[in-house]
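Data block below; observations after.
The values are calculated or read from the model by the stated rules, or taken from the named source; none is laboratory data. Here the structure is a predicted model, which is why all the values come from computation and not from measurement. Cβ placement follows ideal geometry from the backbone for every residue including glycine, while neighbour counts extend to all protein chains displayed. Ligands, DNA and RNA are excluded from the accessible area calculation, which covers all protein heavy atoms including side chains. Shrake-Rupley method; radii C 1.70, N 1.55, O 1.52, S 1.80 Å.
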Amino acid sequence: MNDFIYEIPTKVYFGDQLSRLNEEVKKYGKRVLLCYGGGSIKKSGLYDKVVSEVKKAGGTLYELSGIEPNPRITSVRKGAQICKDEKIDLVLAVGGGSVIDCSKFVAAGACYDGDPWDIVLHKTTVEKCLPIVSVLTLSATGSEMDNCGVISNLETNEKIGAGYDPMRPKASFLDPKNTFTVSPYQTACGAADILSHIIEVYFAKEPTLYMLDGFMETLMRTVIKYAPVAMKEPENYEARANLMWTSSWAINGFIACGNNTEWSCHGMEHELSAYYDITHGLGLAIVTPRWMEHCLNEKTLPRFVQFGVNVMGIDSALPPKKIAEQAIEKFSEFLFGTLGLKSTLTAVGIDKTHLADMAKAAIAHGDFKNTFVPLSQKDIEKIYEACL
Ligand code: NZQ
Ligand code: ZN
């Protein structure tokens, strides 16, 4: 394993603590840009509560609304311009991962003279960024506690992720009750995303710490236990709370300490979303089991056995190869049976037209040499084909 620095400076208010939002707002100034999506926060009543907190802090509100799922660079540009024109002090993101991701680049773009797309493309770095506070409404991406975001550019068919430490939220309000209104479908997609964030790290090219393995296995079992409960009983606080805190810890940097394995499934999924605008978690659910099948070989077998026994509950007395195969089968059954997600690209309207283009783009945008199993463009195309 590698040396590492651990620092997660986001202050988390977990549970019913929105009444302390005004304290956080006061720390950063009076001019607040409220960023939100297509209206779910208005329907749920959260919008009014947030506005009242900003007013309590003596703040003046500006708004960037209508942030899209798979947020667009056009929204980022619009938000960054408002920040510049109105001399915004604080970016307040209220929503799911898309809203928080967009807000991060708005806040960074506000302190950059050029086009914010340069920041996404890593053409420049982020040293200065407006402070960001988030109020999370969907457990999935972990954007509430990490330093990155993913932005789509419809003109170029690109969906690209970038992370810079100054973009990490200063504070995040995590109230599981704010996720009670998330639909069973979005809950399932969120669960698939959380699982994928852990799997991308757990299936490492080098051994990691035993304690982190155990931590990751617990996180995965937590999602497997509680996602179906939250889908059936949307207002089950215990289920929503477990999913929410797991989503944050899956990607806030802790489990990846000492591990420098590059991610595989996310790179492949981002091209699906870029070309077809599909939901991130759904794309991951379709890709991940096929990627697992592709990666299973004599060398990787022990990792699949550990996953099978410790996460999927496969009988440890079975021959190793059987355990690995049953683990992948049971994992697929969880995604497509229990969570009810569509299991193929064909089922979501994707045919073979752009498979080669997407494989080429994935290689151009990511590093597939330092992954659990290195992947060539041809390998990626084969994995996509297996998903049809
Ligand atoms: O737009 P509104 O009206 O708010 O509706 C949203 C949206 O339609 C709705 N929703 C959110 N909270 C709700 C709710 N509906 C009812 N009640 C609530 N409480 O759900 C829909 C999806 O929201 P979105 O924010 O798009 O979902 P998610 O949180 O899964 O975010 C997905 C985006 O995050 C990126 C993905 O690529 C995708 O663009 N990711 C960000 C990461 C990060 N920052 O580290 C890592 C991830 O791997 C991921 O790539
Ligand atoms: Zn993800």
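Can you give the charge dipole size of the range 60-122 about its Cα centre, rounded to the nearest 20 debye, using +1 on the beta carbon of Lys and Arg and -1 on the beta carbon of Asp and Glu? All intermediate terms of the calculation are to be shown ahead of the outcome.
Details: 6 positive and 9 negative charges, 15 e Å.
With only Lys, Arg, Asp and Glu charged at Cβ, the dipole is about 80 debye.
Using a Förster distance of 41 angstrom, determine the FRET efficiency expected from the C-beta separation of F180 and K87, and round it to 0.05. Provide the component values of the computation, followed by the final result.
On the way: r = 36 Å, r/R0 = 0.89.
E(calc), rounded to 0.05, equals 0.65.
Short version: ³J(HN,Hα) in whole Hz for each residue of the range 324-336, in order, from phi by Karplus 6.51 cos²θ - 1.76 cosθ + 1.60 (θ = phi - 60°), x for Gly and Pro, what are they?
Listing the rounded values in order: 4, 5, 5, 4, 5, 4, 5, 5, 4, 4, 5, 5, 9 Hz.
Please determine, in degrees from 0 to 90 and to the nearest 10, the orientation of helix 301-310 with respect to the longest principal axis defined by the Cα atoms of the chain, where the helix direction is its Cα long axis.
It works out to around 70 degrees.
Nearest 500 deg cm²/dmol is fine: what mean residue ellipticity at 222 nm does the chain get from its DSSP H runs of n ≥ 4 alone, each adding -39,500 (n - 2.57), divided by its residue count? Could the numbers behind the result be given before it?
Values: 15 runs with 185 residues, N = 388.
That calculation yields -15000 deg cm²/dmol at 222 nm.
Rank these residues by their accessible area, most exposed first, probe 1.4 Å: S103, S332.
Details: S103 0, S332 25 Å².
Largest accessible area first, the residues go S332, S103.
Any idea which of T344, A327, I363 is furthest toward the positive side of the dipole for the range 305-376, if Lys and Arg beta-carbons carry +1 and Asp and Glu beta-carbons -1?
It is I363, whose Cα lies furthest towards the positive end.
If I model a spin label as a point 7 Å beyond the Cα along the Cα-Cβ vector, how far apart are those points for K352 and L318 in nm?
Computed distance between label sites K352 and L318 equals 3.2 nm.
Over the chain, consider all pairs of different Cα atoms and compute the Kirkwood hydrodynamic radius from their mean reciprocal separation; express it in Å, one decimal. Intermediate values should be presented prior to the final figure.
Working: mean 1/r = 0.0473 Å⁻¹.
Across the chain, the inverse of the average 1/r is 21.2 Å.
Relative to the longest principal Cα axis of the chain, at what angle does helix 46-56 sit, 0 to 90 degrees, rounded to 10?
40 degrees
For the range 122-215, what ratio Rg/Rh do Cα atoms give with a Kirkwood hydrodynamic radius?
Numbers: Rg = 15.9 Å, Rh = 15.8 Å.
So for the range 122-215, dividing Rg by the Kirkwood Rh gives 1.01.
When a/c reaches 1.5 or more, the comparison of a/b and b/c decides; with that in mind, is the range 225-378 rounded, prolate or oblate per its Cα gyration tensor?
rounded
Which lysines, if any, have their Cα less than 24 Å from the Cα of K30, not counting same-chain residues under 8 positions apart?
Candidates past the 8-residue exclusion: K11, K42, K49, K55, K56, K78, K84, K87, K104, K128, K170.
Angle check, please: helix 210-232 long axis (alpha carbons) against the longest principal axis of the chain (alpha carbons), in degrees 0 to 90, nearest 10.
Roughly 70 degrees between the two axes.
Which percent of the accessible heavy-atom area of the chain goes to carbon and sulfur, probe 1.4 angstrom? The partial results should precede the final answer.
On the way: 8260 of 16080 Å².
Carbon-and-sulfur percentage of accessible area, whole number: 51.
So how much slack lies between N157 and L388, counting 0.36 nm per residue of separation and subtracting their Cα-Cα distance, in nm? Write out the running numbers ahead of the final one.
Numbers: separation 231, 0.36 × 231 = 83.16 nm, distance 2.06 nm.
Result: 81.1 nm gained on full extension.
In whole Hz, with x marking every Gly and Pro, tabulate ³J(HN,Hα) for the range 249-259 from phi via Karplus 6.51 cos²θ - 1.76 cosθ + 1.60, θ = phi - 60°.
6, 5, 9, 7, x, 5, 5, 8, 4, x, 10
Given Cα pairs under 8 Å that are at least 6 residues apart, what percent is the relative contact order of the chain?
Working: 743 pairs, mean separation 59.5, N = 388.
Relative contact order of the chain: 15 percent.
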